[in-house]
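Accompanying notes for the structure given below.
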Amino acid sequence: MRIEIPKEMKLVHEMHMPIRWGDMDAFGHVNNTVYFRYMEQARVEWITSLGYDVAPGDESMLMINGFCNFYQQLAYPGELILKTSIGTMGRSSMDVYTSMSLTTEPDTVVAIGGATMVWVDLKTNQSAPWPEHVLSKLR
């Protein structure tokens, strides 16, 4: 089952990341769990580019679900282009998507995944509305 990717998204971050030898499994291709690590790193770099620390404080952006649609196998060596986009944004949540392509074929998406991120008050462990300081950076 593939998850439908919305047509309307806003590109918010782009980065390059090498495929490492250790990312491969016994079948000689990047293990499917590693794609989630690639997306995680893209989200972390995007969040830190906004000026936020990913270490826990009193409030934070947390992932509550995730998925990945795989289109093509990857193998070492190679370098990925990871593009992070945001989709639907609610009162306290937003959909974040990461597309992956190789630098040698930048127009061919090899995988795309997503996560629902929620703003959380870590003292109460409850979702909270997006603070204005976050909304102003996402607009």
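What follows is calculated from the coordinates using simple rules that are stated; it is not laboratory data. Please read all numbers here as calculations on a predicted model, not as lab measurements. Heads up, the Cβs are rebuilt from the backbone with ideal geometry, glycines too, and the neighbour counts pull from every protein chain shown.
Okay, here's what the table says:
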{"item": "Projected-area mean, the chain, by convex hull of Cα positions, square nanometres", "result": "9.1"}
{"item": "Residue 59-residue 32 pseudo-label distance in nm [points 7 Å out on the Cα-to-Cβ vector]", "result": "3.8"}
{"item": "Sites residue 8 and residue 136 - FRET efficiency at Förster radius 22 Å, r taken between beta-carbons, to 0.05", "result": "0.55"}
{"item": "Sequence-distant residues sharing a close amide H with residue 12 (under 5 Å, placed H)", "result": "84, 85, 86"}
{"item": "Options 48, 16, 87, ranked by Cα towards positive dipole end of the range 10-138, top entry (Cβ charges)", "result": "87"}
{"item": "Alpha carbon centroid spacing (whole Å) that separates the range 80-135 from the range 10-29", "result": "17"}
{"item": "Exposure proxy ranking, count of Cβ atoms within 10 Å, fewest first, for 85, 60", "result": "60, 85"}
{"item": "Ascending count of other beta-carbon atoms within 10 Å, so fewest first, for 38, 52", "result": "52, 38"}
{"item": "The chain, relative contact order [Cα under 8 Å, separation at least 6], %", "result": "27"}
{"item": "With Cα atoms, 0 to 90° folded angle of helix 32-49 axis to the chain main axis", "result": "40"}
{"item": "Mean ellipticity per residue at 222 nm, deg cm²/dmol - from DSSP H runs of n ≥ 4 across the chain, formula -39500 (n - 2.57)", "result": "-5500 deg cm²/dmol"}
